[in-house]
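Worksheet: one structure, shown below.
The values are calculated or read from the model by the stated rules, or taken from the named source; none is laboratory data. Just so you know, these numbers come straight off a predicted model, no measurement behind them. Here the Cβ positions follow ideal geometry from the backbone for every residue, glycine too, while neighbour counts run over all protein chains shown. All accessible areas refer to the heavy atoms of the entire protein, side chains included, with ligands and DNA or RNA removed. Shrake-Rupley method; radii C 1.70, N 1.55, O 1.52, S 1.80 Å.
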Amino acid sequence: MKVDVIGDVHGCYEELTELLTKLGYQWTNGIPEHPESRIPVFLGDLTDRGPNSLDVIELVYQLVIGKQKGKYIPGNHCDKLYRYFLGNPVKQKHGLETTVAEYEQSNKEEQASIKAKFLELYEKAPLYLKLPEVHAVVAHAGIKEDLIDKQGKKVKTFVLYGDITGKTDEQGRPERRDWAKHYRGDQWIVYGHTPVKEPRFKQKTVNIDTGCVFGGKLTAFRLPEEKLVSVSSNQPYIKEKFRSFED
């Protein structure tokens, strides 16, 4: 097995198609397929904030469900959109409002199609993805070694939001512990969720959310090669959205 784990897309469809092309995928009838049968793996947060969330949903659905040539796990933004589509009361902010606006501008037939596809995509997705063939685990916000092979509310909260404390920092963002600094496992943990200017390697973990929607890059981590491939964002650069760590 050879995989390309792709970081948080957040509706940046043009950058996604550019990255897939750079990775060597060839487009047939609008679907990217790799001549070496590589598998794209999406680590969540497909939507929100960016300009083309519905196109991203459509592409990932066709890859994962339609052609069964890709894999997907949800992120916290995916979880919120799922709850919105179910009719649950969710606040339309932190990016959801952009996806909802795009959705509401579509006609009824398009709305029914994209809603059904996203619900199926989400409901068939695992909380996190074990890839023993390349000695890796993919989880949206990461996962502690002692949570691997477990399920439940605690695991879901961790993989969607990270190691949160329940408090907020001086910028009003959720306070998160640096779980990666304490990871001692021997398999890769590939994750995103927290925008960083450059992929962050710590022990055998790598954060590949390089903030495409905030003007950074869209990044893929290739396994088993352990190689990074990125494309530059087309979005405006927002410096304060990126996080730095004291390593």
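Quick notes
- Pairs with C-alpha atoms separated by more than 32 Å, drawn from the list LYS69/LYS115; LYS91/LYS227; LYS71/LYS154, are LYS91/LYS227.
- The listed residues HIS94, HIS135, HIS77 rank as HIS94, HIS135, HIS77 when sorted by accessible area, largest first, using a 1.4 Å probe.
- For the stretch 124-161, backbone nitrogen atoms closer than 13 Å to the point 7 Å from MET1 Cα along Cα-to-C-beta are found at 126, 128-139.
- The stretch 102-177: GluC sites (Glu not before Pro) in DSSP coil with no more than 12 other Cβ atoms inside 10 Å: GLU170
- Taking GluC sites (Glu not before Pro) across the stretch 1-89, the ones in a DSSP loop with at most 11 further Cβ atoms lying within 10 angstrom of their Cβ are GLU36.
- Cα→Cβ-extended label distance, 7 Å offset, between THR28 and ARG173, nm: 4.2
- When all protein chains stay in place and ligands, DNA and RNA are ignored, the 1.4 Å accessible-area order of LYS204, LYS108, largest first, is LYS108, LYS204.
- Take every pair of alpha-carbon atoms less than 8 Å apart whose residues are at least six positions apart; their mean separation over the length of the stretch 100-165 yields a relative contact order of 23 percent.
- Rounded to the nearest 20 debye, the dipole magnitude of the stretch 1-64 is 200 debye, with +1 charges on Lys and Arg beta carbons, -1 on Asp and Glu beta carbons, and the Cα centre as origin.
- Working from Cα pairs under 8 Å separated by at least six residues, relative contact order for the chain is 21 percent.
- For the residue pairs LYS80/LYS217; LYS181/LYS239; LYS93/LYS241; LYS124/LYS150, the alpha carbons lie more than 22 Å apart in LYS80/LYS217; LYS181/LYS239.
- Prolate/oblate/rounded call for the stretch 170-219, Cα gyration tensor, a/c under 1.5 rounded: oblate
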